[in-house]
Amino acid sequence: MNADGSNTVRLTNTSVDERKPRFSPDGSKIVFARIVDEPSGTYFRIFTMNADGSNAVQLTMQSPATYEDSPSYSPDGTKIVFHRLNLGSFISQAAVMNTNGSGQGAFFQNFSTEGQIYSPAFSPDGTKIIYHEQSTFSSPIRFRVVACTISSSRKDYLADNGEFPSWQPLRPSIVKTPFDFDGDRKTDISIYRPSTGAWRLNRSSNNSTITAQFGTASDNLVPSDFTGDGKTDIAYFRPSTGQWIILCSEDNNSYYGFPFGSSTDIPTPGDYDGDGKADAAVFRSSNSSWYLLRSTAGFLGLQFGDTGDQQIPNVFVR
C-alpha cells in the first residue's frame, strides 16, 4: 500500500501463515517466511517473490526439522540473513545465504543455554548483524541486544532487556544525473534559445515538453540541483552583475537569487560539501583561484592551477 495507507493490494493468496516480509534494497523483490507442509511436519521456510506478488520461490529446505524465520536483505541486495532454529537440539542460528538460496550457512549460532536468536538484520553499511537473543532456559527469562561484526564474528552485547532492535538508516543518497529536470534519473533532452531566453525541456518520464522563460542571451547557463530534491533546477549566472538566479524545480514558478562572483569569473557549480545540493562556485583564471559558496560548509577559497589552465567541473557551462 501507499505510505498514507491507500491503495492496499493483496500480494499472496494462500491459506497458510505468511509473515515478516522485507523489501529488497532496490524494491524489486520481497523476502518473507511461509508455513510449508513437509513429510516430517509443518515448518516455516524462507521465500522470495517479485514486488507484485508473482513468482514466489522457496529458498530454504532443511533436514532435520528446523524452523526458519525473520529474513532480511543485505544493503547491497546480494545476501539474505535469517533465523534458523533446530527443533531437536534447540541450536539457534543467524544464517546467511545468497538471494537464490545457494550458499546457505550459519554465520554464528547459540546453543540452547545461550538463548534463541531473533530478527537478525544487517547494518546499513553491511559490516554488522544485529539481533536480540532470548534465553528461555534461565529464570527469569533474559533478553539482550547483540551486534556481531561480520569480518571477525565478534559479539558485542549492547543492551539488556531489549527486543527487536533496528538500525538508524544512513542518509539516503540521491543519484545525480546531469540535466535530469524531472527526477527520474535520466538525462532529459533540452534546449535554450538565447534570442528569447526560453528553455524547452523534454521530460523523459512522460515525454512531455515544458517551456520556461528564464534568462537572456548574455547569461551563462548553470543548471544544477541547487535545492537537493533530485531534480535539475533551471538556473543562470549573469556576469554583468555577478548574480546567480535559480528557478526552483519544486514548482518551476518560484525563484531566488544571490550575488557571487565577478564578470570575468567562470561559474563552476557542483556539490562541493556532499550535502546533496549544488553549490555556487566560480573559477578566477587571473589568479587560478576557486571560490566556493557551499550550502552547508560555507565559503571556501583556494588557489589551484596555473595560468592558462581550464577548470574541470562544468566545462559545459555556456
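The values are calculated or read from the model by the stated rules, or taken from the named source; none is laboratory data. Bear in mind that the values here come from a model prediction, so they are computed numbers and not experimental data. Cβ placement follows ideal geometry from the backbone for every residue including glycine, while neighbour counts extend to all protein chains displayed. SASA here: full protein model, heavy atoms, side chains in, ligands and nucleic acids out. Shrake-Rupley method; radii C 1.70, N 1.55, O 1.52, S 1.80 Å.
What the table shows:
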{"read-out": "Total formal charge among the other residues, if their Cβ is under 14 angstrom from that of Ile150, Lys/Arg +1 and Asp/Glu -1", "value": "+1"}
{"read-out": "For peptides 23-29, 222-228, sequence by mean Cβ density within 10 Å, most packed first", "value": "222-228, 23-29"}
{"read-out": "Pair Thr127, Thr14: separation of 7 Å Cα→Cβ label points (nm)", "value": "3.8 nm"}
{"read-out": "From phi via Karplus (6.51, -1.76, 1.60), per-residue ³J(HN,Hα) for the range 20-32 in Hz, x at Gly/Pro", "value": "6, x, 9, 6, 6, x, 8, x, 8, 10, 10, 9, 7"}
{"read-out": "Relative contact order (%) - the chain, alpha-carbon pairs under 8 angstrom, separation at least six", "value": "7 percent"}
{"read-out": "Relative contact order of the range 191-253, defined on C-alpha pairs under 8 angstrom at six or more residues apart (%)", "value": "21 percent"}
{"read-out": "Option label - Rg and Dmax of the Cα atoms in Å computed here, alternatives (1) 27.6, 83; (2) 23.0, 70; (3) 18.3, 54", "value": "(1)"}
{"read-out": "Solvent-accessible area, 1.4 Å probe, carbon plus sulfur percent, for the chain", "value": "52 percent"}
{"read-out": "3J(HN,Hα) from dihedral phi, the range 186-196, Karplus parametrisation 6.51/-1.76/1.60, rounded to Hz, x for glycine, proline", "value": "10, 5, 9, 5, 8, 9, 10, 9, x, 5, 10"}
{"read-out": "The range 187-245 shape via C-alpha gyration tensor axes, a/c threshold 1.5", "value": "oblate"}
{"read-out": "Straight-distance crosslink candidates among lysines, where the alpha carbon sits under 16 Å from Lys186 and sequence neighbours closer than 8 are dropped", "value": "Lys176, Lys231"}
{"read-out": "Largest-first ordering by accessible area, 1.4 Å probe, given options Val145, Val16", "value": "Val16, Val145"}
{"read-out": "Amide H partners (placed H, <5 Å) of Asp225, local residues excluded", "value": "Asp233, Ala278"}
{"read-out": "Per-residue ³J(HN,Hα) for the range 244-261, Karplus 6.51 cos²θ - 1.76 cosθ + 1.60, θ = phi - 60°, Hz, x for Gly and Pro", "value": "9, 10, 10, 9, 5, 6, 4, 9, 6, 9, 7, 8, 8, x, 7, x, 6, x"}
{"read-out": "Shape category assigned to the range 159-318 from the gyration tensor of Cα positions, a/c cut at 1.5", "value": "oblate"}
